[in-house]
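The values are calculated or read from the model by the stated rules, or taken from the named source; none is laboratory data. This structure is a prediction, so every number in the text was calculated from the model and none was measured. Neighbour counts are summed over all protein chains in view; Cβ atoms, including those assigned to glycine, are modelled from backbone coordinates with ideal geometry.
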Amino acid sequence: MRTVTSLESYDAVVIGAPVYMGRLVDDITDFAKRYKSELQKKPVAAFAAGIAPVAPKVESVDTVMENLRKVLDPIQTIAVTMFAGTLDPAQQSFIERTMTKLLNVPTGDFRDWTAITAWARELSSVLKV
């Protein structure tokens, strides 16, 4: 999202953002603000990836989805979802690792490639491009 300079040549947009410590990365907010008027004229789909689907006591999927919709508002999305992601302690800071252990958050790769692939395939008909 940081390297995009124009949406002019795109017929539709799929926006994906990771969730860290219960928050969407700031890049998605910046992107949505920067291209708001263009995104309102194109079909837009969005997804978040995080630990919520496998650790609902730590992070709520509903809350993440609500935050994703708020970040994109007033952009109308035609498909929005959340996928389980990965949580690798080797990629975390000391504080993040400590919080992960204290909260008993599962670590590993929880991506469901079958679900991700199915959603991506559905987009071509939903985006109507």
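Some notes on this structure:
- Among the residues of segment 58-86, the one identified as in contact with a Phe, Trp or Tyr (Cβ under 6 Å, 6 or more places away or on another chain) and small (Gly, Ala, Ser) is ALA84.
- Residues that are under 17 Å from the mean Cα position of the chain (by Cα), under 14 Å from GLN76 (Cα atoms) and of a type outside the set (Val, Ile, Thr), drawn from segment 37-52: LEU39, PRO43, ALA45, ALA46, PHE47
- Any helices (runs of 4 or more DSSP H) falling wholly within segment 1-115 and containing at least 3 residues that are at pLDDT 90 or above, under 27 Å from LEU127 (Cβ atoms) and among the aliphatic types (A, V, I, L, M): 61-72
- Condition check for THR29 on (1) within 18 Å of VAL14 (Cβ to Cβ); (2) free of Cβ contacts under 8 Å to residues at least 40 places away in the same chain: one failure, at (2).
- Which listed residue, of VAL58, VAL54, VAL44, is in contact with a strand residue (DSSP E or B) (Cβ under 6 Å, 6 or more places away or on another chain), of a type in the set (A, V, I, L, M), over 28 Å from LEU7 (Cβ atoms) and surrounded by 15 or more Cβ atoms within 10 Å (Cβ to Cβ): VAL54
- The set of residues from segment 61-108 being closer than 21 Å to ARG34 by Cα, exposed (fewer than 12 other Cβ atoms within 10 Å of the Cβ) and of a type in the set (D, E, K, R) comprises GLU66, LYS70, ASP73.
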